[in-house]
Amino acid sequence: MLTSDALLRALRENPRAGSATLCRMLKGISRPTLARGLKLLGPRVVSRGAARRARYALRRALRGSDASLTLYRIDEAGRGREIGQLDLTYPAGSALEFTEPFPWPLADVMRDGWFDGLPYPLVDVRPQGFIGRNFARAHALDLAVSDNPEEWSDDDIAFVLATFGRDQPGNLILGERSYRRFLESQRVGDERFLTDAQAMSAYPERAAAALAHGVAESSAGGEFPKFTASRILDGEKVDVIVKFSGADDSAAVRRWADLLVCESLALETLRHQLQVPAAQSAIRSYAGRTFLEVVRFDRHGGFGRSAVCTLGSLNAALVGSAGAPWPRVAQRLCDAGWLPAEDASRIALVWWFGRLIGNTDMHEGNLAFRPGLALAPAYDMLPMMYSPLRGGELPGARYAPTLPLPEETRVWHLAATAAIGYWRRCSEDVRISQDFRQVCAENNKVLAAAWQDFG
């Protein structure tokens, strides 16, 4: 006779087990007997998959609650809809019950809703970077989590997202409570969209607040000080991420200001010379600070959103090539049939351009995709090899352009041609300090000489 204790023990010892495995473990009971036992356990059991693909696991409580978490999607018009129900499973991982087709690639048991951790698109939604750390410091006590979001467990992330995750990157909202916060935020309406005149005073105030107290808003990744804002630009409502420099005239502050201008020029070069989609940006100077205003491609109009997922999440979930350069991971995604070949080629071009402009911070969170997969606009592209050291000292970096292998020569030439033009533009832009313009002019000469050698 099958007892509930015996079935619970079998599920603990074999999470995500199928009917055949459970029947064998339970001394050869029949499938109908197993089905009756599972029914008696009721909501303690999570099941996913149909017919012979059905698997079972024990539900894991989140902060004492066994309730499923609803996963919502916000469309470009700002309308929300349910796309799934998320359950945490014992001893780890989660199970997502899809209520509409999932827009991201799924491998193996993911197709039935099983994930080793949280569903990987939610990994990009977690608080991270400068804004994420400020969020954690502001809310750690109330949420009973560490003030360092890098130390959060999957349970911590799920609880935070289900409590305060109304305005995270992309278009997903986890949990009814956060969705209600999203609805409440719409009461502000058009008042939150700053005009140019309003930004002149608002930006310095928000920069000071972000540095002093933290701003609990969208957690875009990265280390540069930043905040988010809603703006009226060219008569349109847009959301922006705003990076900013310090307000004094030290060498380190001047360098950070230079790099913000360099980032804006890099995005323009990608768009115009390499025909690669890149985020729109603008430089503003208010109250002694330099601000780089980058238009978000995951936000639309008043409250519309669109999906986005980084290479880091895709790599961890689907490829498993930790630490590999962008082109290698992209090629593996392409070989698996998930990424179009033309986007794999664009990624190689962007990666080489980044290498040739001294971008030493091309981590996997700095390349994103739209559902499909399709390459999202480029962002966070700048010569980080020249960023000030932690103590404020300027690095004595020497520019030595990376040279290609024979099979990389064609894409290297395309990227190098654009990078030569980029260094020239930086050397001529009067918004950049004279000292750094000289560095850019020298880099232009060095790369042009290398290009001739490989011509």
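Quick check on the chain: of the DSSP beta bridges with both residues there, what percent are antiparallel, nearest 5%? Walk me through the numbers on the way to the answer.
Numbers: 49 of 52 bridges.
Antiparallel bridges make up about 95 percent of those DSSP assigns within the chain.
Please give the contour-minus-distance gain from ARG31 to VAL446: 0.36 nm per residue of separation, less the Cα-Cα distance, rounded to one decimal in nm. Numbers along the way, then the final one.
Numbers: separation 415, 0.36 × 415 = 149.40 nm, distance 7.23 nm.
Roughly 142.2 nm would be gained on extension.
With all protein chains present, how much of the accessible area of the chain (probe radius 1.4 Å) comes from carbon and sulfur, to the nearest whole percent? Walk me through the numbers before you get to the answer.
Numbers: 10400 of 20820 Å².
It is 50 percent, rounded to a whole number.
Going by accessible area, probe 1.4 Å, with all protein chains left in place, what is the ranking of SER47, SER285, largest first?
Working: SER47 60, SER285 90 Å².
Result of the area sort, largest leading: SER285, SER47.
With unit charges on the beta carbon (Lys/Arg positive, Asp/Glu negative), name the residue among SER250, LEU41, GLN128 whose Cα is farthest towards the positive pole of the charge dipole of the chain.
My answer, from the dipole projection, is LEU41.
Within the stretch 293-316, whose backbone N sits under 19 Å from a point 7 Å along Cα→Cβ of GLU236?
The answer is 293-308.
Once you wrap a convex hull around the alpha carbon atoms of the stretch 23-68, what is its projected area averaged over all directions, in nm²? Don't skip to the answer; put the middle values down first.
On the way: hull surface 15.5 nm².
Averaged projected hull area, Cα only: 3.9 nm².
Taking every Cα atom in the stretch 88-207, find the radius of gyration and the maximum pairwise distance Dmax, and write them in Å.
Over the stretch 88-207's Cα set, Rg and Dmax evaluate to 17.1, 54 Å.
Calculate the FRET efficiency for SER250 and GLU428 from the Cβ-Cβ distance with a Förster distance of 25 Å, rounded to the nearest 0.05.
On the way: r = 25 Å, r/R0 = 0.99.
Rounded to the nearest 0.05, the efficiency is 0.50.
Using the Karplus equation 6.51 cos²θ - 1.76 cosθ + 1.60 (θ = phi - 60°), what ³J(HN,Hα) coupling, rounded to whole Hz, does each residue of the stretch 15-20 give in order, writing x for Gly and Pro?
x, 6, 7, x, 4, 4
Where does the chain land at 222 nm, in deg cm²/dmol rounded to the nearest 500, when only DSSP H runs of n ≥ 4 count, each adding -39500 (n - 2.57), divided by all residues? List each step's numbers first, then the result.
On the way: 14 runs with 177 residues, N = 455.
Calculated from helices alone, the mean residue ellipticity at 222 nm is -12000 deg cm²/dmol.
Taking the Cα centre of the chain as origin, work out the dipole magnitude from +1 charges on Lys and Arg Cβ and -1 charges on Asp and Glu Cβ, in debye rounded to 20. Please list the in-between numbers first.
Values: 55 positive and 53 negative charges, 336 e Å.
That gives the chain a dipole magnitude of about 1620 debye.
In the calculated pair distance distribution of the stretch 321-455, what percentage of Cα-Cα distances lie above 27 Å?
In whole percent, the share of Cα-Cα pairs in the stretch 321-455 beyond 27 Å is 26.
For the stretch 1-136, which semi-axes, largest first and in whole Å, follow from the square roots of 5 times the eigenvalues of its Cα gyration tensor? Walk me through the numbers before you get to the answer.
Values: eigenvalues 209, 55, 34 Å².
Computed over the stretch 1-136, the values are 32, 17, 13 Å.
With each label point set 7 Å from Cα along the Cα-Cβ vector, what nm distance links ARG9 and THR195?
According to this spin-label approximation, the distance is 7.4 nm.
As a test of reading the structure, rank ARG52, ARG60 by solvent-accessible area (1.4 Å probe, protein chains only), most first. Don't skip to the answer; put the middle values down first.
On the way: ARG52 200, ARG60 50 Å².
Result of the area sort, largest leading: ARG52, ARG60.
Using the Cα atoms of the stretch 171-329, I'd like the radius of gyration and the largest Cα-Cα distance, Dmax, both in angstrom.
17.4, 48
With an 8 Å Cα cut-off and a minimum separation of 6 or more residues, compute the relative contact order for the chain in percent.
Details: 811 pairs, mean separation 54.8, N = 455.
Answer for the chain is 12 percent.
Normalising by the residue count of the stretch 313-416, find the relative contact order in percent from Cα pairs under 8 Å and 6+ residues apart. Walk me through the numbers on the way to the answer.
Values: 105 pairs, mean separation 25.2, N = 104.
This gives 24 percent for the stretch 313-416.
Rounded to two decimal places and with Rh computed the Kirkwood way over Cα pairs, what is Rg over Rh for the stretch 280-358?
Values: Rg = 16.6 Å, Rh = 15.2 Å.
A ratio of 1.09.
Over all pairs of distinct alpha carbons, what does the Kirkwood formula give as the hydrodynamic radius of the chain, in Å?
Details: mean 1/r = 0.0414 Å⁻¹.
Result for the chain stands at 24.2 Å.
In terms of solvent-accessible area of protein heavy atoms at a 1.4 angstrom probe, what is the ranking of ASP154, ASP343, ASP75, highest value first? Don't jump to the answer; show the numbers that get you there.
Numbers: ASP154 65, ASP343 15, ASP75 35 Å².
Result, largest first: ASP154, ASP75, ASP343.
Under a Cβ-Cβ cut-off of 13 Å, what is the net charge of the residues other than ARG187 that fall near it, where Lys and Arg count +1 and Asp and Glu count -1? If you can, show how the numbers build up before the last one.
Working: positive: ARG166, ARG180, ARG181, ARG192; negative: GLU184, ASP190, GLU191.
Once positives and negatives cancel, what remains is +1.
Please calculate the 1.4 Å probe accessible area of ASP435, with all protein chains present, and give it to the nearest 10 Å².
Approximately 110 Å² of ASP435 is accessible to the 1.4 Å probe.
Work through the residues other than ARG73 whose Cβ is under 15 Å from its Cβ and net out their charges, Lys, Arg +1 and Asp, Glu -1.
-3
FRET efficiency for ARG63 and ALA282, Cβ-Cβ distance as r, R0 = 41 Å, nearest 0.05? Please list the in-between numbers first.
Working: r = 43 Å, r/R0 = 1.04.
For ARG63 and ALA282, the calculated efficiency is 0.45.
Compute the distance from the alpha-carbon center of the stretch 72-146 to that of the stretch 375-433, in whole Å.
Cα centres, the stretch 72-146 to the stretch 375-433: 35 Å.
Whole number in Å², please: accessible area per residue of the chain, 1.4 Å probe, ligands, DNA and RNA not counted.
Values: 20820 Å² over 455 residues.
Value for the chain: 46 Å² per residue.
The values are calculated or read from the model by the stated rules, or taken from the named source; none is laboratory data. Computed from a prediction, not measured in an experiment: that's the story for all the values here. Because the Cβ atoms are built from the backbone with ideal geometry, glycine has one as well, and the counts that use them run over all protein chains shown. Keep in mind that these areas ignore ligands, DNA and RNA; they rest on the heavy atoms of the full protein, side chains included. Shrake-Rupley method; radii C 1.70, N 1.55, O 1.52, S 1.80 Å.
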